[in-house]
1. Exposure proxy check: LEU72, LEU85 ranked by fewest other beta carbons within 10 Å?
2. Roughly what % of DSSP beta bridges within the range 13-153 run antiparallel, to the nearest 5?
3. Regarding the chain, what are the three Cα extents along the principal axes, ordered largest first, in Å?
4. How much length would be gained if the chain were fully extended between LEU36 and ALA121, taking 0.36 nm per residue of separation minus their Cα-Cα distance, in nm to one decimal?
5. Just to check I understand the Karplus step: with θ = phi - 60° and J = 6.51 cos²θ - 1.76 cosθ + 1.60, what whole-Hz values come out for the range 44-56, glycine and proline as x?
6. Scan the range 81-153 for trypsin sites (Lys or Arg not before Pro) in coil per DSSP, keeping those whose Cβ has at most 13 other Cβ atoms within 10 Å, and list them by number.
7. If I stretch the segment between ARG132 and ILE21 completely, what's the gain in nm (0.36 nm per residue apart, minus their alpha carbon distance), one decimal?
8. May I ask you to order 35-47, 119-131, 14-26 by the average number of other C-beta atoms within 10 Å around their residues, highest value first?
Amino acid sequence: MRTRQRKLLNNNYIRFPLFWIGTILGIVWASPLTVLGLLMALPVVLIRGQMQLVRHPTIAILVRGPFADQLLSRHPFGAMTAMALGHVVIAEQQGLSSRVLIHELAHVRQAARWGIIFPFAYIASSAWAGIRGRDAYWHNKFEIDAREAEKQF
């Protein structure tokens, strides 16, 4: 039975529509977070920023500009080079490496999987790491997975 399922899933006529159905469902499921990301991205774009569509390995909107630099340097959890909110990645104007983009796109996929509960699950994972005496960022399950995605690149 397993061999038959594998053959069926390797068929492009089956795999391609399933991929797009999953992608669309993930976008819809993460849409509340994406709306928040778009609201944060709006001033970035309006203040000499730029926006582009990333299509691989995950669909996302990448936003960069001077305001993004200010926003990311003054983030309440510390300065960062990029952050993902739903299907929106806000990144520094300069210095966005492929590795960092792959890391953030892993968070986009996580948001598509977890939907609106993703921020709560992320905070819970950080809290769990902290309770166990570990670093809340480096031992957060979502960050570990995103760092693993970097290695696949």
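1. LEU72, LEU85
2. Percentage antiparallel, nearest 5: 70.
3. 54, 42, 28
4. On the way: separation 85, 0.36 × 85 = 30.60 nm, distance 1.72 nm.
Contour length minus the Cα-Cα distance gives 28.9 nm.
5. Karplus-based 3J(HN,Hα) across the range 44-56 equals 4, 6, 5, 9, 6, x, 9, 10, 9, 8, 9, 10, 9 Hz.
6. The qualifying sites are ARG132, ARG134.
7. 36.1 nm
8. Descending mean neighbour count gives 35-47, 119-131, 14-26.
Bear in mind that the values in this text are calculations on the coordinates, not laboratory data. In this text the structure is predicted, and so the values were computed from the model without any measurement. A quick note on method: Cβ atoms are made from the backbone with ideal geometry, for glycine too, and the neighbour counts reach across all protein chains shown.
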